[in-house]
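Each remark here refers to the structure printed beneath this line.
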Amino acid sequence: MKNFRLLLGIAGLCLITLAAVRAAHAQVANYPDKPVAILCDAAPGATPDVDARFVAEGLAKTWGQQVIVVNHPGANGSIAARTASEAAPDGYTLYMPALSTFAALPSVAPNLPLKLPRDFIPIGFTAENPMFVAVSPSLGVSTLPQLIALAKKEPGQISIAVTGVGRLTHLTGLILQDRADIKLLPVPYTAGPAVALADVAGGRVSMIIEGYSGIVGSVKAGAVKLIAVAAPQRLPQFPDLPTVAETIPGLSATGWQVLVAPLGTPQPIINKISVDLAKVVSDEDFKKRLANIGSYSRAMTPDQALAFVVKEQQTWLPVLEKISGK
């Protein structure tokens, strides 16, 4: 009798487990059955925002379901981070933070939910974008060496638009000043690059550092002039544009974004999104669209994305400590 009861118990447990497995499969099979939101910590029009919208379009096409980009700029990305961490872990709210959020904020705000995999579940890599240095045509310089020479001659007089304090655009400017031994005058903006670009084009501000998608319209219109790109090597789309490293050896600054989900999101849903995201970022048309705005992509598994973020944090920490005077 005891053996019979034991067998009944085992059979019941097996049925419960089987039911749970079937429920999980059904959950994935039906996902997504309503719109999905991707939270972005950049202002509309900024490079991370444009990249997020490209990813959203690709996933929407793959899923046959609406994917919406929701912008939460400000406070160095902490608003978006908190909002994402408090979202329901059901796969319908995802988060696409930029490099500066994971690399810079943890050192100044250790209590924010900004650590992988402690605070979010990594899904995959989405895009990377080198920073471009552009100047007002009225400044009268055409190269980075000329800009540095002018800044040395007029310390604190050359103004630089800061389109997000603590973001990579800002950090790149700080690193440039440190490595070139110059002092620029920061002019902060909170609404993304559009207003800043108008001031640079009008000569009210001397220069700006931004991802290409944020300044492409002004560049093509001749309103601002590109003088360098902070990529490790010259870009195929800009073969005549020197890298910053050609003037300051070893200096490169490339932004990136990864897609993550709130803790507790079911693993089968994480796996599905990761596989679908990899297909989106590997698509040749997607890659061409990114390349046209100076961004690039590569597929990563969740484990690879996690290792990438951890390595980037380790790379940037000593740089941030140096430029912040710690």
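The values are calculated or read from the model by the stated rules, or taken from the named source; none is laboratory data. The shown structure was predicted, so the numbers you read here are calculated from the model rather than taken from an experiment. Neighbour counts run over all protein chains shown; Cβ positions are idealised from the backbone, glycine included. Quick note on the areas: whole protein, heavy atoms, side chains included, nothing else; ligands and nucleic acids left out. Shrake-Rupley method; radii C 1.70, N 1.55, O 1.52, S 1.80 Å.
From the list A56, A98, A80, which one is open to solvent by less than 20 Å² (accessible area, probe 1.4 Å) and either in contact with a helix residue (DSSP H, G or I) (Cβ under 7 Å, 6 or more places away or on another chain) or of a type outside the set (A, V, I, L, M) (or both)?
Working: A56 fails: either in contact with a helix residue (DSSP H, G or I) (Cβ under 7 Å, 6 or more places away or on another chain) or of a type outside the set (A, V, I, L, M) (or both); A80 fails: either in contact with a helix residue (DSSP H, G or I) (Cβ under 7 Å, 6 or more places away or on another chain) or of a type outside the set (A, V, I, L, M) (or both).
Sole residue among the options that is open to solvent by less than 20 Å² (accessible area, probe 1.4 Å) and either in contact with a helix residue (DSSP H, G or I) (Cβ under 7 Å, 6 or more places away or on another chain) or of a type outside the set (A, V, I, L, M) (or both): A98.
Tell me, which strands (runs of 3 or more DSSP E) wholly within segment 206-286 include 3 or more residues that are buried (at least 24 other Cβ atoms within 10 Å of the Cβ)? Can you show your working first?
Working: elements: 207-211, 225-229, 254-262.
Ranges flagged: 207-211, 254-262.
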Inset, instruction - Go through segment 287-315 residue by residue and tally those that are open to solvent by less than 40 Å² (accessible area, probe 1.4 Å), in contact with a Phe, Trp or Tyr (Cβ under 9 Å, 6 or more places away or on another chain) and not aliphatic (A, V, I, L, M). - result: 5
Legend entry - Within segment 175-193, tally of residues that are surrounded by fewer than 17 Cβ atoms within 10 Å (Cβ to Cβ) and either among the hydrophobic types (A, V, I, L, M, F, W, C) or within 22 Å of the chain's Cα centre (by Cα) (or both): 4
Legend entry - Failed item in (1) over 18 Å from K225 (Cβ atoms); (2) touching a helix residue (DSSP H, G or I) at 6+ places or on another chain (Cβ under 8 Å); (3) assigned to a loop (DSSP other than H, G, I, E, B); (4) in contact (Cβ under 8 Å) with a residue 60 or more places away in the chain, with I182 passing the rest: (4)
Legend entry - Search result, residues across segment 122-150 that are in contact with a helix residue (DSSP H, G or I) (Cβ under 6 Å, 6 or more places away or on another chain), crowded, with 22+ Cβ neighbours inside 10 Å and among the β-branched types (V, I, T): I123, T126
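Scan the helices (runs of 4 or more DSSP H) fully inside segment 67-118 and keep the ones with 2 or more residues being at pLDDT 75 or above.
Qualifying helices (runs of 4 or more DSSP H): 78-85, 99-103.
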Inset, instruction - Within segment 151-163, track down each residue that is out of contact with any helix residue (DSSP H, G or I) (no Cβ under 6 Å at 6 or more places or on another chain) and within 16 Å of V133 (Cα to Cα). - result: A151, S159
Inset, instruction - Could you give me the residue pairs with C-beta distances under 6 Å whose first residue belongs to segment 42-68 and is among the hydroxyl-bearing types (S, T, Y), whose second residue is outside any helix (DSSP H, G or I) and modelled with pLDDT under 95 wherever it lies, and which are 6+ apart or on separate chains? - result: T47/N129; T47/G211
Legend entry - Unmet requirement for K153, which otherwise passes all of (1) open to solvent by 40 Å² or more (accessible area, probe 1.4 Å); (2) touching a strand residue (DSSP E or B) at 6+ places or on another chain (Cβ under 6 Å); (3) not aromatic (F, W, Y): (2)
Legend entry - Residue count, segment 156-168 (criterion: touching a residue at least 60 places away in the same chain (Cβ under 8 Å) and buried (at least 19 other Cβ atoms within 10 Å of the Cβ)): 5
